[in-house]
Amino acid sequence: MLPNLPSAMSQSSGYTTIIFDLEDILFQWSPGTKTNISSETLHKILNTHTWFDYERGRISEDSCYAYIGEEFSIKPEEVRHAFRQVRDSRQANNELILLIRELKVQSSGRLRVFAMSNISSPDYDALRTKPVDWVTFDRVFTSGAAGERKPNLGFYKYVLRATGVDPRNTIFVDSKLENVLSARSLGLHGIIFESPGSIKRALRNLLENPVARGRDFLKRNAGRLLSVTDGADDHHPVVLQENFAQLLILEATGDHSLVNLIDHPRTWNFFQGKGQLTTEQFPFDLDTTSLGLTIMQRDKIIASSVMDEMLEYVDDDGIIQTYFDHKRPRFDPVVCVNALSLFYTYGRGRELQETLQWVHEVLLNRAYLDGTRYYDTAECFLFFVSRLLTSSNDPELHSTLEPLLKERVQERIGAEGDSLALAMRLLVCDAVGFKNLVDFRNLLPLQMEDGGWEIGWMYKYGSSGIRIGNRGLTTALAIKAIDATITGSTGSTEHLVTAPAFATKVPLKVTPAATTRHRRRSSLIDSLQWLWPGGKFHKSAEI
């Protein structure tokens, strides 16, 4: 295990302080006034040297309005009326203030919250008359009182000296990039405010236990962790009643209460009822059957009879097929891997050696990089290969696939991907003995405010390409990946990866980044400090 590592982030990530700006975050205001001063002019005034001096307490309110009037050819009284209306327009963001109170309560007094704002003393006196629970803040620092303003470093150093906080354990939230940059330069964890929702999500991800939140999400949605299509080509997303994701959630969590399964004694169907977005009478498939028999741990006699039947669906090349239907000749390397997992689990892997050889060739030649017919990402293939290796201790199987799998997953470290791809990659890394801190840091900020992870796309309809995902599955695998990365199923830190290790001249398929990465430190504890410096389809599609 990694030294000094708390089990599953049992308490917190180490942050003990938050510093908020007041304007534009905890208080909103309107630049529109009932004067002749336009919103555009008002913003220009706020960026003048005169206004900066006023915010720092170097000139009086009357002098400020007089200088501004002269500079913009506006009567000083007009300027005064405009800014009094601005003062009156300020409204507290009670949603964020309630969140701050909640976070402080949850911390049992450990979390301290300060405000730090560019605001003149007269404007701050007016702000204090607003109906806000000011005791929420341990202290408020204003530019008017400090004689300094952001982004000047002196203001930050003044606040750090006055509070005695450790910058490395402090979160800084501001709406302006230059202010956040200055904070980061002094070691604070800076977050640029974009919206109340994004800030709430970021703070929960930084301050709360991701594993506990993820498990709570699963329990709250037990029995309703359903799959959904991506709504491609302007079609509305469709909720799917299917077995495959339910089986994987069960395998990842071991909790039958979370899933909604239509159990089958022998062969399994992907759909729980009629086919959706395809033919209603959908054939049973070898992929779901392989998962069902292994995860539900069927009796060996039953499993053997099914495997005998599956061997009837091997083509002339020795590759096992996807469906129990000779009229649908389809094959897919992930389906082959899952069928191999079934056969090796019950000691019959040697009966599919040609299929195994083809899987090896797919792995060797990186044929999986753009996904497969039925699976969306490279990580799906690598994940199920690692699952195959855990199904059996067969030395020939491991010598054939394991060394190559280590190489291939290391090539993927640092490649962009959705929540599911990152979780799968982490689990494969753990299975082969890598501590992948790069993707660990990228996965954690993708947790949503409700505790679940963003949906990840796993499989797809073969002919239409419509993708299918499941937040429950993504969350279950993310929890497992975090636990595995922290505690380590291998118990070894021999291979510690803290930066991408792309193989040269290897083409990588990447998807748009969901969040900014932070790769600043090599230890897992330090890396936690930089987590966030989230109708119907009418045409049938044959799968």
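The values are calculated or read from the model by the stated rules, or taken from the named source; none is laboratory data. Worth saying up front: this structure is predicted, and the values here are computed from it rather than measured. All Cβ positions, glycine included, derive from the backbone under ideal geometry; neighbour counts span all protein chains shown. Quick note on the areas: whole protein, heavy atoms, side chains included, nothing else; ligands and nucleic acids left out. Shrake-Rupley method; radii C 1.70, N 1.55, O 1.52, S 1.80 Å.
Annotations
- Screening 311, 293 for residues that are in contact with a strand residue (DSSP E or B) (Cβ under 9 Å, 6 or more places away or on another chain), surrounded by fewer than 19 Cβ atoms within 10 Å (Cβ to Cβ), at pLDDT 95 or above and among the aliphatic types (A, V, I, L, M) leaves exactly one candidate, 311.
- Flag if residue 225 is assigned to a loop (DSSP other than H, G, I, E, B), more than 22 Å from the chain's Cα centre (by Cα) and buried (at least 17 other Cβ atoms within 10 Å of the Cβ): no
- Tally of residues being over 15 Å from residue 127 (Cβ atoms), charged (D, E, K, R) and not in a loop (DSSP other than H, G, I, E, B) across segment 49-106: 11
- Scanning segment 442-458 for residues that are over 8 Å from the mean Cα position of the chain (by Cα), more than 16 Å from residue 425 (Cα to Cα) and open to solvent by 10 Å² or more (accessible area, probe 1.4 Å) yields 449, 450.
- Boolean, residue 350 is basic (Lys, Arg) and in a loop (DSSP other than H, G, I, E, B): no
- Here is the figure for segment 368-385: residues that are open to solvent by less than 70 Å² (accessible area, probe 1.4 Å) and in a loop (DSSP other than H, G, I, E, B) total 7.
- For the residues 357, 297, the requirement of being part of a loop (DSSP other than H, G, I, E, B) and within 26 Å of residue 395 (Cβ to Cβ) singles out 297.
- Scanning segment 366-381 for residues that are closer than 15 Å to residue 401 by Cβ and charged (D, E, K, R) returns a single hit, 366.
- Number of the condition not met by residue 336 [criteria: (1) closer than 23 Å to residue 405 by Cα; (2) out of contact with any strand residue (DSSP E or B) (no Cβ under 6 Å at 6 or more places or on another chain)]: (2)
- Options 213, 184, 168: the member that is surrounded by 19 or more Cβ atoms within 10 Å (Cβ to Cβ) and assigned to a helix (DSSP H, G or I): 213
- Within segment 261-286, considering residues that are assigned to a loop (DSSP other than H, G, I, E, B) and aliphatic (A, V, I, L, M), the one surrounded by the most Cβ atoms within 10 Å (Cβ to Cβ): 277
- Residues that are surrounded by 18 or more Cβ atoms within 10 Å (Cβ to Cβ) and closer than 15 Å to residue 174 by Cα within segment 143-158 comprise 143, 149, 150, 155, 156, listed in sequence order.
- Complete set of residues in segment 113-151 that are assigned to a loop (DSSP other than H, G, I, E, B) and basic (Lys, Arg): 128, 130, 149, 150
- Flag if residue 237 is surrounded by fewer than 14 Cβ atoms within 10 Å (Cβ to Cβ), assigned to a loop (DSSP other than H, G, I, E, B) and not charged (D, E, K, R): no
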